[in-house]
Amino acid sequence: MAKLEWKVIIAMKGHPGSGKSTLAKSIASSLRIPLLDKDDVKDCTQRLTLTSPPSLLNDLSYDVICQIASTQLRLGLSVLLDSPLSRSAHLHRLRSLAASLSAHLLLIECRPSDRLEWRRRLEARGRDAGGHKPATWEELEKLLEAYGGCTEYDVGDVPRLVVDTTANLPLEEICSTALEFIFTHATTPLAI
């Protein structure tokens, strides 16, 4: 696998169970770059839900992965951030981080078109996914309703690849498409 010549923040975006974590792991492994998963942080802070509102812990999870990403970028490493990126404020923060450290920012959004397959995957992982993730289709529907459409926002000039992770394609092919996108958009230094 070719090596990234310039610092890149690759940000995943998508709803729970959409396949973004599976694709993120494949991309990070192929590129041999750090994978920073918001759920890893949220899993560690889960017991704080007794004393802190979930929105605060969600924001804390983003704060932590952004801080770790900043450290990795300062070391000259690219990073892959695995999170739903459900609010435009989170993307804005990544834009600021990328600009402050002269890094490319790329977005890979997972949008499963086959709702039955999406549901099957979500429910197959069930409660093993951690207490803060939806384990049933009904829980996912409630979460999406609570989002109130905030997950649909303009990403501006951030290069974005939208992939259907329920398409009848092997993971390797979807990953290959993502890698081609990454190398297409991260092969030149940023204009300063």
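The values are calculated or read from the model by the stated rules, or taken from the named source; none is laboratory data. Fair warning: this is a prediction, and the values are worked out from it, not measured in the lab. Here Cβ is always computed from backbone atoms with ideal geometry, including for glycine, and neighbour counts include all displayed protein chains.
Data overview
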read-out	value
Total residues in the stretch 103-124, condition buried (at least 20 other Cβ atoms within 10 Å of the Cβ) and either assigned to a helix (DSSP H, G or I) or on the phi > 0 side of the Ramachandran plot (or both)	2
Qualifying positions in the stretch 74-102 - part of a helix (DSSP H, G or I) and either in contact with a Phe, Trp or Tyr (Cβ under 6 Å, 6 or more places away or on another chain) or farther than 21 Å from D40 by Cα (or both)	R74, S88, H90, H92, R95, S96, A98, A99, S100
Residue list for the stretch 19-35, restricted to those being crowded, with 23+ Cβ neighbours inside 10 Å and either among the basic types (K, R) or farther than 18 Å from S176 by Cα (or both)	K20
Qualifying residue in the stretch 153-165 (condition: assigned to a helix (DSSP H, G or I), modelled with pLDDT of 80 or more and surrounded by 15 or more Cβ atoms within 10 Å (Cβ to Cβ))	no
Test: residue in the stretch 56-65 that is farther than 30 Å from T188 by Cα, at pLDDT below 80 and of a type outside the set (S, T, N, Q)	yes
Test result for S176, surrounded by 14 or more Cβ atoms within 10 Å (Cβ to Cβ), within 19 Å of the chain's Cα centre (by Cα) and not β-branched (V, I, T)	yes
